[in-house]
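Chemist: Sharing a structure here in structure tokens format.
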Amino acid sequence: MAKTQVKEILQSDDTKKEKLDYLWEYYKWHVIGTIAAILFVIYIILQMFSQPQVSFSIGVLGPQITTEQAQTLNADLEQLMDPEDEEGDMLVTVTAEGQMSQRFFAQLTAAEYDLILMTEESFNQFATDQSIDGINISGVEEEALRYTEGTETIIGVSSNSFPFFEEHEATQNMVVMVPQNARNRDQVMHFFESQGIDPSE
């Protein structure tokens, strides 16, 4: 029926302007909806292709740090991990404790972190063996290890046992953990080994 209406309008004796005005009046929402749908699809495609690929990501939940400190952490991590052989970026994301904690845990749940750090207080409050992998560690003093409560399962290591974290003020005196949903486990092992620590999950 719509085709018949359009055909009749186009074959009428009305001027071109009147025909266009008529068509626009009756079909403008169809046109606007179609354009909006096309733009939305283009936006989604651009987002997919513009997001950087990350081959190793460290999430830090701790005190607020400066932009300069965050940039230094990222630059030093890239230099340490030698990403020229990797397809993606090396990334350190620092989230301030408090109201911003929700963002950190949302990203943790979404498997965006391969390694996480948090303060001792946050570790005691949030860390469980259901979200953190147990790891066997060699070359680390006993006092630096953190266990699941009431077990002998190691789920955390003092960040001061890692030269990389110890030399950055923003990552000192924290607990390092491997999330169970970490995606880039080879890079996690590589990072541990670069710090003189022998992990075996």
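The values are calculated or read from the model by the stated rules, or taken from the named source; none is laboratory data. Bear in mind the structure is a predicted one, so any value in this text is a computation, not a measurement. Here the Cβ is made from the backbone with ideal geometry for all residues, glycine too, and neighbour counts use every protein chain on show.
Chemist: If I go through the range 167-201 residue by residue, how many of them are over 17 Å from MET81 (Cβ atoms) and free of Cβ contacts under 8 Å to residues at least 24 places away in the same chain?
Modeler: Initially, the range 167-201 is screened for residues over 17 Å from MET81 (Cβ atoms), giving 169-170, 172-175, 177, 179-181, 198, 200-201.
With the extra rule that they be free of Cβ contacts under 8 Å to residues at least 24 places away in the same chain, the set shrinks to 172.
So the count comes out to 1.
Chemist: Let me ask something else about it. For residues in the range 147-163 being surrounded by 19 or more Cβ atoms within 10 Å (Cβ to Cβ) and within 20 Å of GLY62 (Cβ to Cβ), which is farthest from the chain's Cα centre (by Cα)?
Modeler: As a first pass, look at the range 147-163 and keep what is surrounded by 19 or more Cβ atoms within 10 Å (Cβ to Cβ): 154-159, 161-162.
Imposing the further condition that a residue be within 20 Å of GLY62 (Cβ to Cβ) reduces the set to 155-159, 161-162.
Working: ILE155: 21, GLY156: 21, VAL157: 22, SER158: 23, SER159: 21, SER161: 25, PHE162: 23 Å.
Out of the qualifying residues, it is SER161.
Chemist: With respect to ALA75, determine if the residue is of a type outside the set (D, E, K, R), over 17 Å from MET189 (Cα atoms), over 16 Å from the mean Cα position of the chain (by Cα) and crowded, with 19+ Cβ neighbours inside 10 Å.
Modeler: Criteria not met by ALA75.
Chemist: Which condition from (1) within 16 Å of the chain's Cα centre (by Cα); (2) exposed (fewer than 10 other Cβ atoms within 10 Å of the Cβ); (3) modelled with pLDDT of 85 or more is the one that GLU68 breaks?
Modeler: Unmet condition: (1).
Chemist: Of these, GLU141, GLU121, GLU87, which one is modelled with pLDDT under 85 and charged (D, E, K, R)? Spell out how you get there, then give the answer.
Modeler: Numbers: GLU141 fails: modelled with pLDDT under 85; GLU121 fails: modelled with pLDDT under 85.
Criteria check complete, one pass: GLU87.
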